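Visitor: Here's a structure for you.
The values are calculated or read from the model by the stated rules, or taken from the named source; none is laboratory data. Values in this document were obtained by computation on a predicted structure and should not be read as measured data. All Cβ positions, glycine included, derive from the backbone under ideal geometry; neighbour counts span all protein chains shown.
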Amino acid sequence: MKKKIAFALLFSFLLLPSILMAQMTTVKGDNVNSRKGPGTKFSIKWEYGNGMPLKVLQREKDWIKIQDFEKDTGWVHNSLLHYSPHVIVKANRKKDKKINIRNGPGTQNKIVGEAYYGVVFETLERKSGWIKVKHETGLVGWVSEKLLWGY
């Protein structure tokens, strides 16, 4: 009996990351509308840009109910989303303060750039609480996971 429980727990932990990954999505393209309901007849709530990471809350036919990093919700057509790992800077909301982007995973590494709240990055790699990111300008570096939202 203990072996069955241990196997079930191990299987759950192995499956958990894929379940969590499946609950995130990314905006594909610029000026993508988030609507109040699942269809074009519903009014537009927000407009998102390419790469914006979004949490999947619900699916209804070809529409996905999403939540952004500020906890705003809406509906986006499935064709305007894809599964490409991206993150957004969540630190320093309502502050004129930047986060550091470093050349390695750790505060001892050299600062190679900075970013404000709301800047979106592609996720390249994760290591020990740090995420290697790439900005659309080509800047590549590492940011503490605590400062970002997404996957």
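Visitor: Confirm whether I88 is closer than 20 Å to M24 by Cβ and either part of a strand (DSSP E or B) or in contact with a helix residue (DSSP H, G or I) (Cβ under 6 Å, 6 or more places away or on another chain) (or both). Spell out how you get there, then give the answer.
Guide: Working: closer than 20 Å to M24 by Cβ: yes; either part of a strand (DSSP E or B) or in contact with a helix residue (DSSP H, G or I) (Cβ under 6 Å, 6 or more places away or on another chain) (or both): yes.
Yes.
Visitor: Next question, about the same structure. For region 94-140, enumerate the residues that are polar (S, T, N, Q) and either touching a Leu at 6+ places or on another chain (Cβ under 8 Å) or exposed (fewer than 12 other Cβ atoms within 10 Å of the Cβ) (or both). Reasoning before the result, please.
Guide: Filtering region 94-140 down to residues polar (S, T, N, Q) leaves 100, 103, 107-109, 123, 128, 137.
Hits for region 94-140 are T107, Q108, S128, T137.
Visitor: Another question about this same structure. Just give me the residues in region 127-148 being modelled with pLDDT of 95 or more, in a strand (DSSP E or B) and of a type outside the set (G, A, S), in sequence order.
Guide: The answer is W130, I131, K132, V133, K134, V140, W142, V143, L148.
Visitor: Show me the strands (runs of 3 or more DSSP E) entirely contained within region 24-74 in which 2 or more residues are of a type in the set (V, I, T).
Guide: 24-27, 63-67
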